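Heads up: the structure comes next, in structure tokens.
Values in this text are rule-based calculations from the coordinates and carry no lab data. These numbers were taken from a predicted model, which means no experiment stands behind them. Quick reminder, even Gly has a Cβ in these numbers, built from the backbone with ideal geometry, and neighbours come from all protein chains shown.
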Amino acid sequence: MGNYELLNFSDPEALADAAAGDWLRQIANANRQGAPHRVALCGGRIARRFFAAAAARAKAEVVSLKQVHFFWSDERCVPPTDPESNYALAREYLLQPLAIPADHIHRLRGEVAPEVAAAEGEAEIRHYAGLNAGQQPILELVFLGLGEDGHVASLFPDEPEAASASQGVFRPVLAPKPPPRRITLGYPAVASAREVWVLASGPGKAEALGKSLAPGEQTPLARVLRLREHTKIFTDIQSG
Ligand code: 6PG
């Protein structure tokens with residue numbers, strides 16, 4: 001397919017540390033240039049390892065993340081203190097350890113009605129990010145995890161085309177992965193980011209990754225790859 005870069009690692013820790021190193025280099029460059037860095041974080045087990053690695057590196061390499069604006073690729077419709085909350089995960093392993101200013105944290109309010117939270121999230125991300133011709137926000141970087149069914153963010157397979165084709169920046173979904181009520185970046189917003197990095201880690205995902213990289217496949221990751229000129233995939237998934 002050619003429009004992705006696949007970086008293979010031996011285990012989740014090596015993947016997380018490499019992705020953290022690449023990310024901090026990007027942020028350090030932005031800091032030097034006084035340029036904005038607006039990022040959407042994902043959830044999941046690899047995200048926890050990634051956040052911990054990024055926080056450790058930021059402290060060791062003295063890279064400030066205080067200028068970064070934090071958004072989310074998806075969120076579960078739960079309170080921010082719920083262990084299932086993607087915000088709670090980032091807060092524990094990244095935002096609190098690095099003392100990120102509250103006005104740089106733009107969480108999706110999982111505790112309110114999904115439609116309300118999605119609309120709020122859309123208004124907030126539009127306020128902070130530039131917009132492309134399609135009125136989609138241009139984030140510097142969107143992180144995505146990969147699920148065993150090829151889902152990314154909370155974009156799952158087999159959803160009605162009307163939903164997949166939505167131009168909404170964020171939209172509520174009912175997901176097969178618990179908890180079911182979620183809010184996700186839509187495909188157009190993921191496609192509009194300057195960079196998308198997929199952290200594809202964990203057992204049982206070889207088929208999902210292999211299918212997603214094959215031409216003509218329909219997994220959500222395959223759809224993202226088709227929508228973009230370039231996507232970076234960090235993986236510890238052994239093919240075959
Ligand atoms: C979520 C995530 C989801 C996750 C993948 C991978 O809210 O659940 O955003 O897209 O990143 O399911 O999760 P693991 O890394 O735990 O396999």
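Here are some notes:
- Most mobile of Pro80, Pro178, Pro137 in a GNM of the chain (Cα contacts under 10 Å): Pro178
- For region 175-218, backbone nitrogen atoms closer than 17 Å to the point 7 Å from Glu159 Cα along Cα-to-C-beta are found at 175-193, 218.
- In plain terms, the chain from Gln238 to Ala102 could stretch by 45.0 nm, reckoned as 0.36 nm per residue minus the Cα-Cα distance.
- Candidates His151, His37, His127, ranked by Gaussian network fluctuation over the chain, Cα under 10 Å, top entry: His127
- Estimated inter-spin distance, Lys66 and Ile138, nm [label 7 Å along Cα→Cβ]: 2.8
- Overall form of region 1-76 per C-alpha gyration tensor (a/c, 1.5; a/b vs b/c): rounded
- For the chain, modelled as a GNM whose springs connect Cα atoms under 10 angstrom apart, the maximal fluctuation among Ala206, Ala56, Ala162 occurs at Ala162.
- Magnitude of the charge dipole, region 37-212, Cβ model with Lys/Arg +1 and Asp/Glu -1, debye to 20: 520
- The length gained on full extension between Arg228 and Glu115, counted as 0.36 nm times the residue separation minus their Cα-Cα distance, comes to 38.0 nm.
- P(r), alpha carbons of region 65-130 - 10 Å bins starting at zero, rounded %: 22, 52, 25, 0
- Fraction of beta bridges assigned by DSSP in the chain that are antiparallel (%, nearest 5): 35
- Measuring nothing but how far apart in sequence close Cα pairs (under 8 Å, 6+ apart) lie, relative to its length, region 37-212 scores a relative contact order of 26 percent.
- Just so you know, the averaged projected area of the alpha carbon convex hull for the chain sits at 12.0 nm².
- By definition, a body whose alpha carbon gyration tensor gives a ≥ b ≥ c is rounded when a/c is under 1.5, and region 79-203 falls into this rounded group.
- Length gained on full extension, Ser166 to Glu148: 4.1 nm, using 0.36 nm per residue less the C-alpha separation.
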